[in-house]
Amino acid sequence: MGSAAAAPQPHYFLLQDEAGVAAAAICTVVEPGRVRSADALIFGRAAPLLSRLGARKRPVLQVRAPLGGHSSVALRPAPAHDQVRLLGLLLDGIETHAASHSLDLAFIGVAHDDQRLREALRVRGYLETQIHPTAVMRITWIDFEGYHGMLKLRSRVAARTARGERNRNRRRGVTIRRVQTGPKEAEALFRLLRDHHRLKNGWDPPFGAQFLISLAEQLGNDFLLFEAVREGRRVGMLGGVRWGSVAWLPWYGMEARDRPNDFTYMNLVFYHLADAASTLGLDTLLYGNAALDAKRRRGCDIHANHLYYRPHSVGVRWLLRPYFWAHRQWYWRKLQ
């Protein structure tokens, strides 16, 4: 896995008028065969081979949604027809830049309900397929009992499991709470996250403690941090960011030693947040694209994400069209 220092540098595209910034997108130029490249998502394990054979040797200008499940471009609030115009102008600028530098172009992680962007990319001839879906929990309750009622409507077994796992965690003396987000707490989160990542993957995460410390300092109350404590000792932490009523909490770590089966993970990541979300002013929790069945059983909806790809060469676009159709069909069946 590459280090944070080796990550591709972002390119910012801004559309401005007399009223200020009207539209924006963040892009990166990624070489073929890289782990986070569009090629890797489209061609899977064959991507490095295609690169070595010379079949895929053109860099890709990638427009990627930063939180997954949200639009990869931002538009100023405006009437629908004006937003269509602004989006068109922004896409014109991005495509002109890609063409002048002989870059392929990819929009990665376009949300299923981002109809305006999806339609614009289709009209412009982009190839389309599905990629990693996102688990999203929509908060329509005010406490755990309301959450439990929602689960019960979906599955009595799921509701009974959630209640049992929560009660067992409490009987084992685990307390979960939100904590302040100063440098000391952010560093503690990183240590647990790092050790957990080493245990599960065999290598360190691609960022250091200073990354989380800087976020905590800059975001203040919008940096969310929770800890699980058993017998006076911190045994788990969960951290993330809030944007308005949406929260994304991707940073998680558990104490590797002395881990009884008390469901601390489930309570820290799902049940405590479901109970506290309304108090925190949250109506949406983003849970990423791993372990989708487990997240579905705990109340998440699975939202499709899409990849739109436009090779620089018109001939390559036509050659890849059947592959994209087959890939789209295969991925749709995979998610059923």
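Read-outs: derived from the displayed coordinates by stated rules, not from any lab. All of these numbers come straight from a predicted model, not from anything done at the bench. Methodologically, a virtual Cβ is constructed for each residue, glycine included, from the backbone with ideal geometry; neighbour enumeration extends over all protein chains shown.
Rounded to the nearest angstrom and ordered from largest down, what semi-axes does the equivalent ellipsoid of the stretch 140-282 get from its C-alpha gyration tensor (root of 5λ)?
So the equivalent ellipsoid measures 26, 19, 13 Å along its semi-axes.
Take the Cα gyration tensor of the chain, multiply each eigenvalue by 5, square-root it, and list the three semi-axes largest first, rounded to whole angstrom.
Listed largest to smallest, the semi-axes of the chain are 38, 22, 21 Å.
For Lys184, list the aspartates and glutamates whose Cα falls under 15 Å from its own Cα; do not include residues on the same chain fewer than 8 positions away.
List returned: Glu217, Glu227.
At a 10 angstrom cut-off on C-beta neighbours, averaged per residue, how do the peptides 235-241, 117-123, 248-254 rank from highest to lowest? Could the numbers behind the result be given before it?
Details: 235-241: 22.9, 117-123: 16.4, 248-254: 20.0.
Descending mean neighbour count gives 235-241, 248-254, 117-123.
Report, by chain and number, residues whose modeled amide H sits under 5 Å from the one on Leu105, excluding near sequence neighbours (fewer than 5 apart, same chain).
Under 5 Å from the amide H of Leu105 lie the amide H atoms of Leu61, Arg310, His312, each far enough along the sequence or on another chain.
Where the centre of each part is set by its Cα atoms, how far does the stretch 118-152 sit from the stretch 158-183, in angstrom?
25 Å
So how much slack lies between Arg296 and Glu119, counting 0.36 nm per residue of separation and subtracting their Cα-Cα distance, in nm?
Stretched fully, the Arg296-Glu119 segment lengthens by 60.9 nm.
Output the 0 to 90 degree angle, nearest 10, between the alpha-carbon long axis of helix 209-219 and the longest principal axis computed from the alpha carbons of the chain.
90 degrees
With a sphere of radius 10 Å drawn around the Cβ of Leu87, what net charge do the other residues whose Cβ falls strictly inside it have (Lys, Arg +1; Asp, Glu -1)?
Values: positive: Arg85, Arg116; negative: Asp82, Asp92, Glu119.
Net charge around Leu87: -1.
What span do the alpha-carbon atoms of the stretch 268-310 cover on each of the three principal axes, reported in whole Å from largest to smallest?
44, 23, 14
Taking the 0 to 90 degree range and rounding to the nearest ten, how far is the long axis of helix 314-334 tilted relative to the main principal axis of the chain, both from C-alpha atoms?
On a 0 to 90 degree scale, this one is about 30.
Under a Cβ-Cβ cut-off of 12 Å, what is the net charge of the residues other than His197 that fall near it, where Lys and Arg count +1 and Asp and Glu count -1?
Combined, the nearby Lys, Arg, Asp and Glu give +2.
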